[in-house]
Each structure stands twice: as C-alpha cells, then as structure tokens.
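Quick notes on the structure that follows.
The values are calculated or read from the model by the stated rules, or taken from the named source; none is laboratory data. Everything numeric here is computed off the predicted structure, so don't read it as measured data. All Cβ positions, even for glycine, are placed from backbone atoms using ideal geometry, and neighbour counts span all protein chains on display. We work out accessible area using only protein heavy atoms, side chains counted, and drop any ligands, DNA or RNA first. Shrake-Rupley method; radii C 1.70, N 1.55, O 1.52, S 1.80 Å.
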Amino acid sequence: MPKLVSELKVLVVESNKPTIESICDHIGLLGILHPFIAQTGQAAVEIFRKERPDMVLLEATLPDIDGFNVAKKIRALEQAGDWSAIIFLTSMSKDEHLERGIEVGADDYMLKPIRGVVLKAKIRAIHRLLEMQRTWVEASRQLEIANKELQRLAATDKVTGVANRNAFDEVIDREWRRCMRMKRPVTLVLVEIDHFKEYSEAYGQQAGDDCLRAISAQIARSAPRASDHLARYGEDEFALVLGETDGIGTRHVINNVRQHIAELRLPHSASVTPFVTVSCGISSVVPHADLSLENFLKSANIALTKAKERGHNTVIFVEFGQIA
C-alpha cells in the first residue's frame, strides 16, 4: 500500500540547531512530525543503520565526517532493491562541490538558507520517486516469483509432480560432473512398471495416472537426501539419481522399494502377478575422464532389460557393463 507523505521516515543531519528547528517546522506542515535528528556524521550513519529512513536531508559540512563521506557510507549500507533519497543541504554553490555530492550518492541538493516552499516541493517530488521505486521493486519481486514458478512447472511432470525428463537430463549431467570432481560414485536406477500399457488399456487413463502417482511416491520415500533426484523417465519409467552412492547399498534399498510397490496390491490382471509390479535396473560408477555419461545411461538400460528378461518384478545391478 502506498505511503502518504506524512508517513515518510526522514533523517535530518544538521549541526546548526536553529536550522534543525526550521527544517522540522517546514516538514511538519507536510505531516512529518517526528523526524530523526543527527548533528554529527557518525550519529547519522548509526541512525540510518538502525532506522532505514526513506529520505536523508544531509548537511555537507559536519563537525566529524563531512556529508560527502556520510553519503558514501549510507549508500554502502543499502541492500539490493533498497533506496533512500539523499538531499544535500549546502551553502557551497561551486559546481565542483555540487558535482561531488551527486557522485557520492546524493539525489538532489538545496542551497542554504533553506526555503520552506522549495523544501516541501522537493520532498513531494522525492515521495513520488520513492513510490515509483517501491512499485518497481514489488513488480520485480512478483516477476521473479512467477519466473521461478514457471521454471518449476517446466521441470515438473504434470501427472506425478516429480521432475520430468528435461530436468533429469540436467540433473544427471550435473551429478556426473560433481562426482567426477569429488571422485565419488554416482548410481542410476531405472524403474519400469511391468506391463503398464496393458494396465492402462484394462483400467483406463485415470487409473493409469493414479498408478503412476502411487509408484512415484513409493520410490520418492526411498530418496530423502538432497543429492537424490527422482524423475519420470518415460511413459512407464522412473529414474532415480543417487549422488555419492554406490550400487551395492542401492540394490538393497531398491529391492525394498520393489517389494513395497508389490505390497500396494494395485490390481493388474495382465501382469506376471495379480498386482502391479516393477522391474529395476541399477548401474553405478565413479566417473572419470575415460568414461562417458552416455555409456553410463546405456549400462542402466542394460540392467533394466535384464530385469525384464528374467521375468519382471526383479532388480538387476550392472556396474558399467558387468552383470552382478
């Protein structure tokens, strides 16, 4: 919600008390009744750090730190997307002084003695700029949120809610490179629902989608770590990438997953058993420069093919072409 002019947080940095009183009287007519007051540069920086005012009316000559250095310190304290307007109050009319003020971060300046009508006009103008900046920042934030959601949707399988094939391709490439750098194993598991085409024909598309969701949820429970990535690999296949994991430990986990899926007891009249089952192929390797990711993927597919050839509802582990 836009701020009123009276709601602006204003910091007055001025060493002369009569000038402070005059400024406070003028801005009080705009409804700004309680500005923050600092009579030294150090006090101004500390107040800015704590209060983050919308606007700073800053005297150029101060008893400790001059206004130019105060402006630089204030700008250094601002975070990304933040902006506080700085108006220099100065009796120096030389162009080089005014130019220096702009260079260190000032947005405008006023020559002393301060004229109330000019001060109020500048505050109103700065208020409009602040509201425009806040609107832009909020719009940018909403756009960033929307872009992130679009990226998430673009990488998500619509049926199961897990990552899709495009996301899998990015993940497996990243994990391959990461494990190569760390000289750690990476394991790939391919899980295929046995006779899924026949299941969908017998029970319908909705039942097929429900089956896919149930299977993906069961696999996901076995992959809780941040380095574990589950994706829908094909129409009836899922891929599980396990970074820094060897195949032997994975084989036991995936056998349990296979058993738990069978225990869901989803009816399947056209399968090897009366219920939905899965076949699983596992491949594992410590990546290095002489090996290719393409061949690693092939080895997992070989393992999955072997599992189906052995009658489905089984798990086969292949370590880069070696049947275990």
_Looking at (1) over 20 Å from Arg128 (Cβ atoms); (2) not in a helix (DSSP H, G or I), which one does Ile20 not meet, given that it meets all the others?_
(2)
*Identify all residues within region 121-137 that are of a type outside the set (Val, Ile, Thr) and open to solvent by 50 Å² or more (accessible area, probe 1.4 Å); write none if there are none.*
Ala121, Arg124, Arg128, Leu129, Met132, Arg134, Trp136
*Can you name every residue in region 255-298 that is buried (at least 16 other Cβ atoms within 10 Å of the Cβ), more than 38 Å from the chain's Cα centre (by Cα) and in a strand (DSSP E or B)?*
Phe275
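Within 30 Å of Ala217 (Cα to Cα) and part of a helix (DSSP H, G or I): which single residue out of Lys148, Lys122, Lys158 fits that description? Show your work before the answer.
On the way: Lys122 fails: within 30 Å of Ala217 (Cα to Cα); Lys158 fails: part of a helix (DSSP H, G or I).
Lys148 is the lone residue from the list that is within 30 Å of Ala217 (Cα to Cα) and part of a helix (DSSP H, G or I).
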*Does Cys211 satisfy the criteria of being assigned to a helix (DSSP H, G or I), hydrophobic (A, V, I, L, M, F, W, C) and modelled with pLDDT under 95?*
no
*Return the residue satisfying two criteria in turn: it lies in region 94-111 and is touching a strand residue (DSSP E or B) at 6+ places or on another chain (Cβ under 6 Å) and open to solvent by 60 Å² or more (accessible area, probe 1.4 Å), and of such residues it is farthest from Val45 (Cα to Cα).*
Tyr109
*May I ask you to verify whether His312 is closer than 19 Å to Tyr233 by Cβ and either part of a loop (DSSP other than H, G, I, E, B) or not aromatic (Phe, Trp, Tyr) (or both)?*
yes
*When residues of region 154-163 are filtered for being surrounded by fewer than 19 Cβ atoms within 10 Å (Cβ to Cβ) and among the β-branched types (Val, Ile, Thr), how many remain?*
2
*When you go through (1) under 19 Å from Val118 (Cβ atoms); (2) assigned to a loop (DSSP other than H, G, I, E, B) one by one for Leu57, which number turns out not to apply?*
(2)
*For Ala139, which of the numbered conditions (1) out of contact with any strand residue (DSSP E or B) (no Cβ under 8 Å at 6 or more places or on another chain); (2) within 28 Å of Arg251 (Cα to Cα); (3) hydrophobic (A, V, I, L, M, F, W, C) fails to hold?*
(2)
*Could you run through region 134-175 and say how many residues are of a type in the set (Lys, Arg) and within 16 Å of the chain's Cα centre (by Cα)?*
3
_I'd like to know if region 92-103 contains one or more residues that are β-branched (Val, Ile, Thr) and either in contact with a helix residue (DSSP H, G or I) (Cβ under 7 Å, 6 or more places away or on another chain) or assigned to a loop (DSSP other than H, G, I, E, B) (or both)._
no
*Among the numbered conditions (1) open to solvent by 50 Å² or more (accessible area, probe 1.4 Å); (2) within 30 Å of Asp66 (Cβ to Cβ), tell me where Ile145 comes up short.*
(2)
*Under 7 Å by Cβ, and 6 or more places apart or on different chains, what pairs join a residue from region 74-90 that is free of Cβ contacts under 8 Å to residues at least 60 places away in the same chain with one that is open to solvent by 50 Å² or more (accessible area, probe 1.4 Å) and part of a strand (DSSP E or B)?*
Ile87/Tyr109; Phe88/Tyr109; Thr90/Tyr109; Thr90/Leu111
*Any chance you could count how many residues in region 1-56 are of a type in the set (D, E, K, R), open to solvent by 30 Å² or more (accessible area, probe 1.4 Å) and either in contact with a Cys (Cβ under 9 Å, 6 or more places away or on another chain) or more than 13 Å from Ile123 (Cβ to Cβ) (or both)?*
8
_Just the residues that are among the aliphatic types (A, V, I, L, M) and open to solvent by 30 Å² or more (accessible area, probe 1.4 Å), please, taken from region 164-194._
Met180, Met182
*Identify the residue in region 231-248 that is farther than 12 Å from Val189 by Cβ and not in a loop (DSSP other than H, G, I, E, B) and, among all such residues, is farthest from the chain's Cα centre (by Cα).*
Ile248
*region 27-83 - residue that is of a type in the set (Asp, Glu) and under 24 Å from Arg141 (Cβ atoms) and, of those, modelled with the lowest pLDDT*: Asp82
*asked:* Taking the conditions exactly as written (within 30 Å of Ala154 (Cβ to Cβ), modelled with pLDDT of 95 or more and open to solvent by less than 70 Å² (accessible area, probe 1.4 Å)), does Asp236 satisfy them or not?
replied: yes
